[in-house]
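One structure below.
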Ligand code: FDA
């Protein structure tokens, strides 16, 4: 069963970087059912969704979809969009922050120029009292992403923080270093295809490491975002913080837009901070494929969406 799931994940994730599949999906657009996971193709649509979520006691992190850009012009365009997004969020009084992908800002091309673009976004956000999360992508970018975060924070831009992936064997070490600088971190299981040499291949090992990382952060008192839809882990966190008298203000839960919405609302009702990750834009294909790989049943959902047309 475990081997079957791993094989399924590997095949589906392989499609994320496939240009022919990407072109096909663009042609069929939202008919594939991507609308379940993506809040809209335009900024305005996504801002409207964010306001609705705020009204339901959820805070948001907004993500303008895009990754692996091939030119500086494209990366500059994403930088401009993020600055406009932050300003629009502030104007509309949206309770939230933004998440971006370093390769969307050009990390596959040039580290210094990527750093400069992210710095300009972080400065705009700081002016609006807003936090900027750097999503963590596949392992070739881990060191460079952590370097950019460290450099920005050393410059005084402490409104920036990274993501740590529990499937990576190195994460315990990385997290300790981030905790020592009191960096706000989002903890996740990890969504990319990685070799067993650097990442735990078995789900139960990833889950155990995830809990280990969560525990070390909750014990440290440094603010932490726990991003998962795994109800067993969420229940475990709730019991742990209760036992240790850790206040709800020391952490938050995060979940993706369109996934486990009733659970998001119920946790918010119980008094936990719940942040919904709200992606938008036209470059939704790789994001969508990662969501399919996380849950075999989602592929059935796509097939049903196609058949309904
Ligand atoms: P797990 O995969 O065990 O799922 C637990 C349960 O949740 C499933 O049984 C199912 O019911 C539900 N579920 C999970 N995924 C689902 C899906 N796609 N569709 C429907 N139901 C689903 N990764 C990364 O590498 N870098 C990053 O920067 C981020 N950022 C990020 C932000 C936020 C807010 C979240 C919630 C997640 C990420 N991730 C991420 C993705 C993360 O690494 C992981 O792949 C997914 O969260 C799925 O793992 P779970 O922890 O939910 O557990």
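Just so you know, all these numbers are worked out from the coordinates, no wet-lab data involved. Since the model is a prediction, treat every value here as computed from it, not as a measurement. For neighbour counting, all protein chains shown are included, and Cβ atoms are generated from backbone atoms with ideal geometry for every residue, glycine included.
Laid out as a table, the results:
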item: Estimated inter-spin distance, residue 263 and residue 239, nm [label 7 Å along Cα→Cβ]; result: 1.6
item: Most fluctuating residue given options 100, 263, 213, as computed from a GNM of the chain linking Cα atoms under 10 Å; result: 263
item: Candidates 227, 34, 88: whichever shows maximal mean-square fluctuation once the chain is modelled as a Gaussian network with Cα springs under 10 Å; result: 88
item: Label-point separation, residue 51 to residue 230 (7 Å along Cα→Cβ), nm; result: 3.7
item: Among 110, 173, 229, residue whose mean-square fluctuation peaks in a GNM of the chain (springs only between Cα atoms under 10 Å); result: 173
item: Calculated P(r) tail over 32 Å for the chain, as whole % of Cα pairs; result: 23
item: Euclidean distance of C-alpha centroids, segment 64-126 and segment 143-197, integer Å; result: 18
item: Tail beyond 13 Å, pair distance distribution of segment 86-153 (Cα, percent); result: 62
item: Segment residue 120-residue 248, length gained on full extension (0.36 nm per residue, minus Cα span); result: 42.9 nm
item: Exposure proxy ranking, count of Cβ atoms within 10 Å, fewest first, for 87, 224, 71, 142; result: 71, 87, 142, 224
item: Fully extended contour minus Cα-Cα distance, from residue 169 to residue 150, at 0.36 nm per residue; result: 4.8 nm
item: 222 nm mean residue ellipticity, helices alone, for the chain (DSSP H n ≥ 4; -39,500 (n - 2.57); rounded to 500); result: -17000 deg cm²/dmol
item: Calculated diffusion of segment 134-271, Stokes-Einstein form, Kirkwood radius summed over Cα pairs, 20 °C and 1.002 mPa s, µm²/s; result: 137
item: Paired Rg and Dmax values of segment 158-207, which use every Cα atom, in angstrom; result: 11.6, 35
